[in-house]
Each structure stands twice: as structure tokens, then as C-alpha cells.
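Right, one structure below, let's go through it.
The values are calculated or read from the model by the stated rules, or taken from the named source; none is laboratory data. Source: prediction; values computed, not measured. Every residue, glycine among them, receives a Cβ derived from its backbone with ideal geometry; neighbour counts consider all protein chains shown.
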Amino acid sequence: MRILIVNDDGMNAAALPHLIRWARKLGEVTCVAPKFEQSGKSQAIDFTQPREIKKVFIAPDMEIWAMDSTPADCVRFGVTGLGVTYDLILSGINRGYNLGDDIAYSGTVGAINEGGRLGIPSVALSTDVDTLEEALGMLDAWWDFMERTRLLEKGLLYNVNFPREAAPKGIRVTHQGGEFYSDAFEYRGNDMYMQVGAPIEYDRCDLTIDIDAVRAGYISVSPMAWQRTDWRVYEVVKDIAE
């Protein structure tokens, strides 16, 4: 199996070498990561100017491609620039959950959307900001679930979130659960503002929802789609013409 690993936390993210080492058990690994953090960049790409891309060592046994651009561009370079055919793209492990409607902004999820556009099975991996070790301990169980259920044969894209608990209660297939963060602009003085947010604290006790499942201690696995067409509306209006 050929695996491409990307992230949006950047080449110096603490999770990156751990995910690469784990993925080497599955096959041949290539990593292309942003030179700097690219959180919140969704599926943005940059085709307006040249971008630096070079090999760097992030550990004594680990050389990766560092790209001065977005996670989606990292996928594009890994596939098109390097001319490699991959069996799987892994994006993450992100430092912070990607849940509910807020995944629209996520560079971690944006990367797998680019993978989906290219027809490659792709999975976004995320956990809470301070539970990396716990998430690393869940990778084997999660991958065993993916293989047993043959989910990657049923769909191209999945958004996975690992709970805070070191011993999760199980794994749930879920769907997006609406708003996850509240948003605000905070004045920092001298005409400067900072966008800030905090998780919305409510629980519908519905384990089919990604937010609720993770808060209840389950690994959440959500099937995703990269296309934006509203097929329900299309079927209703497709014959309307002038």
C-alpha cells in the first residue's frame, strides 16, 4: 500500500512523526506537510506565485517534503508533483477536533476533499488539543474497524475524531452535528482584532451525531462527500429551462 500523509498543523507538528511511524506498518509512506501552520485554510490552493518545496528531516529517520502552502496543495504536490499513485491519504492527526459544521473551515478535512477530487481514498484524523497520546493509542483499533467493515470500499472520504478517553467506549459511524464552536471577534487594541471561539456545550445524547459520539467517549467515523451539488434540489429543478 502506498500512503500519502499530510496535515494542516505544519511540518513541526508533534503528531506528524508518530503518524508516519504508525503508517509504515501499513505500507510505503510519503509525507508532504506545510512549512507553517495552515489551520482554517479549508481546501484553498495557491496558483498565483511560486512556492518553496524541499526535503527536510523532522526526525533522524524521517525525511519529508516541506511545502510553503496549504494542506490541499500538499496533496496536489504529493500526487501530481511527485507523480505517485497512492492507495490512501491520511490527513492529521490534527490538534483539535474537526466536528459538526466547523469542518467546512478545516485544512485537515480540506486535504481529504482534495484527495477525493483526485479519486483517492482519504481520511482526516483529529483529536482534542491535549490528547495526542490517547489518539495514537487508538489508531490500531480504528484501522482494524476500517478493514473489518471495508468502509474504504464503500466510500472515498471519512472524517475521524478520537475522544479524550484513553480507552474509548467503541466506534460509531456518525454524521455532522451542526454548530460546534461559537465565534466572536476580540479587540486587541491598535485597530487589531482576533477571531476567537469556544466549543458550544450542549449534548443531544444522540450517538449518530459526531459531536455527541466524541463527547460520550466514542471514536467518530463520518462518511464525507467533496462535491457541492445539492442533488435533492437538482432532481426537483433539473428540467426547468428557458
Test: ASP61 is surrounded by 13 or more Cβ atoms within 10 Å (Cβ to Cβ), of a type in the set (Asp, Glu) and either under 25 Å from GLY96 (Cβ atoms) or out of contact with any helix residue (DSSP H, G or I) (no Cβ under 8 Å at 6 or more places or on another chain) (or both): no
Any hit, the range 209-226, residues being surrounded by fewer than 17 Cβ atoms within 10 Å (Cβ to Cβ), without any contact (Cβ under 8 Å) to a residue 60 or more places away in the chain and at negative phi: no
Matching residues in the range 44-65 - criterion: being under 16 Å from ILE5 (Cα atoms) and at pLDDT 95 or above: ILE53, LYS54, LYS55, VAL56, PHE57, ILE58, MET62, GLU63, ILE64, TRP65
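Can you tell which of ALA66, ALA135 is of a type in the set (Gly, Ala, Ser), surrounded by 24 or more Cβ atoms within 10 Å (Cβ to Cβ) and within 30 Å of GLY197 (Cβ to Cβ)? Reasoning before the result, please.
Numbers: ALA66 fails: surrounded by 24 or more Cβ atoms within 10 Å (Cβ to Cβ).
Every option except ALA135 fails the conditions.
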Boolean, ILE53 is closer than 18 Å to LEU139 by Cα, of a type in the set (Val, Ile, Thr) and either touching a Pro at 6+ places or on another chain (Cβ under 6 Å) or touching a residue at least 12 places away in the same chain (Cβ under 8 Å) (or both): no
Conditions (1) touching a Cys at 6+ places or on another chain (Cβ under 8 Å); (2) closer than 27 Å to GLY137 by Cβ: number failed by TRP65: (2)
Cross-chain or 6+ apart pairs with Cβ under 9 Å, the range 3-19 first and within 17 Å of PHE77 (Cα to Cα), then among the acidic types (Asp, Glu) and in a strand (DSSP E or B): ILE3/GLU28
Any hit, the range 110-125, residues being small (Gly, Ala, Ser) and in contact with a Lys or Arg (Cβ under 8 Å, 6 or more places away or on another chain): yes
Conditions (1) touching a Pro at 6+ places or on another chain (Cβ under 6 Å); (2) aliphatic (A, V, I, L, M); (3) in contact (Cβ under 8 Å) with a residue 60 or more places away in the chain; number of the one not met by LEU90: (1)
Boolean, PHE162 is buried (at least 22 other Cβ atoms within 10 Å of the Cβ), under 14 Å from VAL221 (Cβ atoms) and either of a type in the set (Phe, Trp, Tyr) or over 18 Å from the mean Cα position of the chain (by Cα) (or both): yes
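Does the range 196-213 hold any residues that are under 18 Å from the mean Cα position of the chain (by Cα) and more than 19 Å from THR149 (Cβ to Cβ), and which are they? Walk me through how you get there before you give the answer.
Kept after step one, since they are under 18 Å from the mean Cα position of the chain (by Cα), are these residues of the range 196-213: 209-211, 213.
Scanning the range 196-213 gives ILE209, ILE211.
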